[in-house]
Amino acid sequence: MRIETSRLILRDMTQDDYPSLHAILTDPETMQHYPKPYDDAGVQRWIDWTLDNYRRHGFGLWAVTLKETGEFIGDCGITPQPINGQWLPEIGYHIHKAHWRRGYASEAAAACIRVAFAQFGFPAVYSYMNASNEASWRTAMKNGMTRTDAYTDESGKSLLVYAITREAWNARNA
């Protein structure tokens, strides 16, 4: 799949993206809201899981690249996630810290929300994150998502859930 925005191209991830993804998923600052940064094998599992999602669902996390240069700056997409006891379509994103605070996560997430509704027909999409991950919940809010839930998972983490319905998205983008 290929999704284009004004500044970005989202495309299917490949094994060739391993070095660029490794720089993101192994970085302690980027992964501060995860239990720990990924190791080499964890990055490979991430790519394998992504490729499996493409096969099983037709969607997953896509490589986020800068339109102007082709540089891989992160991933963003739709994945089925266990959110407070239900498997729901989640919009997730990771952007390399060298590209933070430029609106890339919001831009990529908006494109994925649009595709989730237009191409895959979901009635709603969700984003969930650690309650302490302000950048992530602000990205969700920037795309019209509203907080719909807060809960503590089995490991004791406080999580927030944001969502937007297809109707709310269409009204917002009319």
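The values are calculated or read from the model by the stated rules, or taken from the named source; none is laboratory data. Computed from a predicted structure; not experimentally measured. Cβ atoms come from the backbone with ideal geometry, glycine included; neighbour counts cover every protein chain shown. Side chains included, ligands, DNA and RNA excluded: accessible areas come from the protein's heavy atoms. Shrake-Rupley method; radii C 1.70, N 1.55, O 1.52, S 1.80 Å.
Considering only the range 140-174, state which residues are part of a helix (DSSP H, G or I), surrounded by fewer than 14 Cβ atoms within 10 Å (Cβ to Cβ) and either in contact (Cβ under 8 Å) with a residue 24 or more places away in the chain or among the hydroxyl-bearing types (Ser, Thr, Tyr) (or both). Correct list: Asn170, Arg172. List, please: which pairs have Cβ atoms under 6 Å, are six or more places apart or on different chains, and start with a residue in the range 22-40 that is over 22 Å from Gly156 (Cβ atoms) and end with one that is in a loop (DSSP other than H, G, I, E, B)? So the pair list comes out as Ile24/Thr30; Ile24/His96; Leu25/Tyr38; Thr26/Pro37; Thr26/Tyr38.
Cβ-Cβ distances below 7 Å connect the following pairs, each with a first residue in the range 105-132 that is farther than 17 Å from His57 by Cβ and among the acidic types (Asp, Glu), a second residue that is open to solvent by 10 Å² or more (accessible area, probe 1.4 Å) and at pLDDT 95 or above, and a separation of six or more residues or different chains: Glu107/Thr5; Glu107/Arg7. Of all residues assigned to the range 71-87, none qualifies as being open to solvent by less than 10 Å² (accessible area, probe 1.4 Å), outside any loop (DSSP other than H, G, I, E, B) and out of contact with any strand residue (DSSP E or B) (no Cβ under 9 Å at 6 or more places or on another chain). What about Tyr104, is it under 12 Å from the mean Cα position of the chain (by Cα), open to solvent by 20 Å² or more (accessible area, probe 1.4 Å), farther than 14 Å from Tyr162 by Cβ and among the aromatic types (Phe, Trp, Tyr)? For Tyr104, the condition - under 12 Å from the mean Cα position of the chain (by Cα), open to solvent by 20 Å² or more (accessible area, probe 1.4 Å), farther than 14 Å from Tyr162 by Cβ and among the aromatic types (Phe, Trp, Tyr) - is met. The residues of the range 1-32 that are over 17 Å from the mean Cα position of the chain (by Cα), farther than 24 Å from Asn133 by Cβ and not in a helix (DSSP H, G or I) amount to a single one, Ser6.
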